[in-house]
């Protein structure tokens with residue numbers, strides 16, 4: 001890996017940290033400002049969606065949640081891809097909670113905006129605990 005690739009990976013990792021902070025704050029507009037106009041998100045609960053409607057649903061269902069980053073891994077092959085591994089202590093508006101490990105895989109454009117996120121986690125224990133709060 002070249003120094004330039006390493007620096008680019010570090011810059012994208014910082015973008016992911018910003019995303020996680022905005023997600024924890026529950027600021028849909030702030031989160032969406034980190035995305036390209038035609039970005040897509042894949043959620044295990046909701047399938048493929050654009051950022052605005054996705055985060056509006058997340059914010060509408062959520063109370064004050066906590067995100068604890070475990071690791072942020074940038075591609076070593078020069079791709080504009082970063083994976084964030086974190087614990088999501090999801091508090092819902094109705095007072096129920098679900099704490100789970102999650103991996104979000106981010107792809108970025110040349111300007112450092114998010115083009116795509118694939119969210120990966122086991123939905124079974126979450127559905128068993130809180131049901132489908134996006135309905």
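Things worth noting here:
- Any chance residue 106 is in contact with a helix residue (DSSP H, G or I) (Cβ under 8 Å, 6 or more places away or on another chain), surrounded by 15 or more Cβ atoms within 10 Å (Cβ to Cβ), touching a residue at least 40 places away in the same chain (Cβ under 8 Å) and under 20 Å from residue 25 (Cα atoms): yes
- Residues located in the range 24-58, provided they are within 15 Å of residue 120 (Cα to Cα) and touching a helix residue (DSSP H, G or I) at 6+ places or on another chain (Cβ under 7 Å): 41, 43, 44, 45, 46
- Filter result (loosely packed, with under 15 Cβ neighbours inside 10 Å and modelled with pLDDT of 90 or more) within the range 57-83: 66, 68, 69, 70, 71, 79
- Strands (runs of 3 or more DSSP E) completely within the range 1-91 that count 2 or more residues being within 13 Å of the chain's Cα centre (by Cα) and in contact (Cβ under 8 Å) with a residue 40 or more places away in the chain: 35-43, 66-74, 81-91
The values are calculated or read from the model by the stated rules, or taken from the named source; none is laboratory data. Not measured: the values here are computed from a predicted model. With ideal geometry, Cβ positions are generated from the backbone for all residues, glycine too; neighbour counts draw on all protein chains shown.
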